[in-house]
Structure formats: structure tokens, C-alpha cells
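Here the structure comes first, spelled out in C-alpha cells, and everything after it is commentary.
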Amino acid sequence: MPRIPLTHSSGSADTLRSALDRWFRGRGFTMAVFEHGKARVMTDRMGEFIVFKLTQRPDHDTYYKEAHGGALIVFEIKVDEERVSYEGYCPLLLFGFWEKKLSFKQGAGGLFKYRDEGHRMELKLLEQIHRL
């Protein structure tokens with residue numbers, strides 16, 4: 001999980017968290033709502049619904065966005081006064097029940113084009129964090 005130190009004081013952790021929340025929502029992301037530590041997110045792949053199950057990480061805000069082919073891009077963000085830590089991934093549901101986290105991958109194509117979308121979004125996120 002990358003941990004990015006903040007180069008200058010940007011305010012409290014709440015202020016930083018709020019700035020990142022606005023950034024994510026401005027790019028079409030939704031904050032996950034968890035019940036009993038789980039969230040279910042449904043996407044549409046050409047009329048076929050896919051349900052992803054996200055697991056809550058303590059002290060993290062989880063944002064997701066539908067990507068190419070009904071896939072999901074997920075960022076789990078933890079903010080304090082000194083650094084921002086995050087994990088970005090695309091969940092994959094194998095055989096309808098086994099979940100795997102795929103990392104973003106520059107230049108991924110075909111069925112895995114969403115991994116490249118995640119990579120591009122991660123670069124934009126890093127730019128934003130360095131501005132904070």
C-alpha cells in the first residue's frame with residue numbers, strides 16, 4: 001500500500017479527507033456504504049448484472065466506480081495529518097464466489113481494459129495528493 005507523505009501542512013486529517021472526497025465524487029466515484037463490514041455493488045455488463053462484494057477496512061474510506069465492461073475500480077484511502085495511504089485495485093469475481101484483487105496495469109487492453117483505466121486514475125490521484 002503506497003504511503004505518500006504530505007510535503008506541506010494542508011490542515012487537519014478531516015480537511016484532507018474532505019478534499020479527497022470532493023475529488024473522487026467529482027470524477028464519478030461513489031463512497032461505499034458498509035453493513036456489517038460488507039458492501040455489495042452491482043454493475044451492468046451488456047444487460048448482465050455483476051455483483052461485487054467489498055470488505056470494509058478499518059480507518060479507510062472506500063470509493064468505487066464502474067469501469068469498462070462492467071468492471072469496478074476501487075480505492076481504499078486512509079488519511080492522517082502527515083500522509084495519505086491507499087490501495088487501488090479492480091475486484092474480480094471468479095466462478096461466481098471467489099474474489100481476487102487485480103492491481104492496476106498500464107496499457108492493459110482487451111477484456112482487462114479497466115485495469116488501464118484504474119492506472120490512469122491512480123496517476124491523477126497521485127497528482128491530487130501532491131497538491132494537498
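What to note about this one:
- Dipole magnitude (debye, nearest 20) for the chain, charges at Cβ of Lys, Arg, Asp, Glu: 300 debye
- Options 110, 129, 52, ranked by Cα towards positive dipole end of the chain, top entry (Cβ charges): 110
- Remark: the residue 100-residue 22 segment gains 25.3 nm on full extension, using 0.36 nm per residue and subtracting the alpha carbon distance.
- Ellipticity at 222 nm from helices only: DSSP H runs of n ≥ 4 in the chain, each -39500 (n - 2.57), divided by the residue count, give -8500 deg cm²/dmol.
- Amide N of region 21-43 lying under 20 Å from the label point, which is placed 7 angstrom from the Cα of residue 128 along Cα→Cβ: 21-34
- Under 16 Å between alpha carbons - lysine pairs in region 60-132 that sit 8 or more apart or on different chains: 6
- Gaussian network model of the chain, Cα within-10 Å springs - most flexible of 36, 119, 60: 36
- In the elastic network of the chain, a GNM with C-alpha springs shorter than 10 Å, the most mobile of 81, 122, 66 is 81.
- The overall shape of the chain is prolate: from the C-alpha gyration tensor, with semi-axes ordered a ≥ b ≥ c, the ratio a/c is 1.5 or greater and a/b exceeds b/c.
- Spacing of the two label points (7 Å from each Cα toward its C-beta) at residue 93 and residue 59, in nm: 3.1 nm
- Top of 46, 121, 31 by mean-square fluctuation, Gaussian network on the chain, Cα under 10 Å: 46
- The mean sequence distance of close C-alpha pairs (under 8 Å, at least 6 residues apart), as a share of the length of region 3-131, puts its relative contact order at 21 percent.
Quick note: the coordinates plus some simple rules give every number you see, no bench work behind them. All figures in this text were calculated on a predicted structure; none of them were measured in a lab. In this analysis, Cβ positions are derived from the backbone assuming ideal geometry, glycine residues included, and neighbour counts consider all displayed protein chains.
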